[in-house]
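Written below as structure tokens is the structure these notes are about.
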Amino acid sequence: MEINITGLIGAASAIGAGIAVCSGIGPGIGQGIAAGYGASAVGRNPGAKGDIMSTMLLGQAVAETTGLYGLVVSLLLMFVKPFGK
Amino acid sequence: MQSGLALGLDMVRPEADFYINELYPINFFGNTVYITTTHVCTLIVCLTILCLTFAARRAVLRAGDKPSLFATGVETVIGMLVSFVNSSMGKKPGKKYINYIGTLFLFVLLSNISGLFGLRPPTADYGTTLCIALITFVMIQYAAIRYKKWGAFTDLFQPIFLFFPINVISEFATPVSMSLRLFGNVLAGTVMMALYYGLIPVLFRFGIPSALHVYFDLFSGAIQAYVFCMLTMVFISDKRDGK
């Protein structure tokens with residue numbers, strides 16, 4: 001059976017992109033935990049809502065970075081196609 | 001089309017175009033470089049900021065006893081920026097950095113929300129975000145050397161000298177992670193919008209995308225501009241205060 005190398009590389013890239021996007025699981029859990037603690041902090045001390053909000057958003061944005069690395073890797077695999085030009 | 005092949009979707013229409021297009025070739029010392037979409041959009045964003053600045057200056061200078069609505073709005077925004085910088089850096093150093101942080105915030109914010117006006121956001125190009133992050137990196141290192149003198153170098157050997165490579169890597173990881181964070185967020189929004197407009201029949205292109213635009217362009221863009229400026233200030237203050 002003849003194997004089409006270009007098609008094989010494309011398929012492998014697509015699978016790799018899909019696996020890379022799985023890195024979104026971690027930041028999702030982390031952001032959810034941060035938002036939960038933020039909500040409980042606002043419930044305990046409603047006066048400090050602004051500070052809690054900004055701290056929570058900053059922490060969430062930093063936690064989001066690892067997920068974005070996965071996203072960038074998958075976008076590179078899908079659209080830039082570093083392998084098998 | 002390339003993206004159609006990659007997605008396994010034959011129905012991707014030419015509108016699903018989030019690539020950086022090469023518009024005009026220039027011969028640069030024997031190499032061909034291109035004026036791309038990013039350059040044009042950056043120019044448009046910068047010109048918009050410039051026009052707003054001149055209009056704001058004129059409105060504030062001419063405001064007598066009864067400032068116009070625009071002048072009041074400008075003063076509110078500037079007051080918010082000043083209090084934003086002062087609250088996270090302290091009043092005295094905040095005065096020095098307000099110019100840079102304010103410019104950065106306005107540029108990144110307007111770049112991020114320029115997707116609303118049909119431009120390709122300049123921050124969805126890694127060249128732009130890497131340059132901004134490198135400027136921030138230089139400012140962080142400058143603050144470290146300025147306020148800690150030799151401590152900036154000896155800190156690299158904390159707690160023992162074996163940690164030197166790790167400390168160096170963590171210094172250089174700052175601009176990379178900051179630029180990738182901004183780039184990834186804005187690019188994700190751009191790709192999502194382009195795919196939506198490219199894949200969905202014409203009938204669904206009215207009304208429904210406004211919700212997506214509000215999330216991907218306005219909300220995400222504003223959050224990312226805020227986070228980028230906040231991280232810049234946090235890193236600079238960290239170098240300044242951490243004795």
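The values are calculated or read from the model by the stated rules, or taken from the named source; none is laboratory data. Model, not experiment: these values are computed from the prediction. Here the Cβ is made from the backbone with ideal geometry for all residues, glycine too, and neighbour counts use every protein chain on show. Just so you know, the surface numbers come from the protein's heavy atoms only, side chains and all, with ligands and any DNA or RNA stripped out. Shrake-Rupley method; radii C 1.70, N 1.55, O 1.52, S 1.80 Å.
Before moving on, here are some points about what is shown:
- The Cα atoms of region B:157-210 give a gyration tensor whose axes a ≥ b ≥ c have a/c of 1.5 or more with a/b greater than b/c, which makes the shape prolate.
- Compared with the direct C-alpha span, the chain from B:T154 to B:S83 gains 22.2 nm at full extension, assuming 0.36 nm per residue.
- Along its first, second and third principal axes, ordered by size, region B:13-241 spans 64, 56, 40 Å in Cα coordinates.
- Whole-percent carbon and sulfur share, accessible surface of region B:20-162, 1.4 Å: 71 percent
- Per residue, the solvent-accessible area of region B:13-241 (1.4 Å probe, heavy atoms of protein chains only, all protein chains present) comes to 58 Å².
- Residues of type aspartates and glutamates that B:K239 reaches as a straight line, Cα spacing below 20 Å, ignoring anything fewer than 8 places off in the same chain: B:D155, B:E171
- Once the C-beta distance of A:I33 and B:I169 is scaled by a Förster radius of 35 Å, the resulting FRET efficiency is 0.80 to the nearest 0.05.
- J(HN,Hα) series, region B:216-225, from Karplus relation 6.51 cos²θ - 1.76 cosθ + 1.60, nearest Hz, glycine and proline x: 6, 8, 6, 5, 4, x, 5, 4, 5, 4
- B:E75 contributes about 100 Å² of solvent-accessible surface, heavy atoms of the protein only, 1.4 Å probe.
- Pairing chains A and B buries close to 1600 square angstrom of accessible surface in total, based on protein heavy atoms and a 1.4 angstrom probe.
- Close amide H partners of B:I35, meaning residues 5 or more places away or on another chain with modelled amide H under 5 Å apart, are B:L23, B:Y24, B:I26.
- Two-decimal log10 I(q)/I(0) for the protein assembly as shown, as the Debye equation yields it once each C-alpha is a single scatterer, q = 0.14 Å⁻¹: -1.34
- Per residue, the Cα convex hull of region A:5-80 amounts to 64 Å³.
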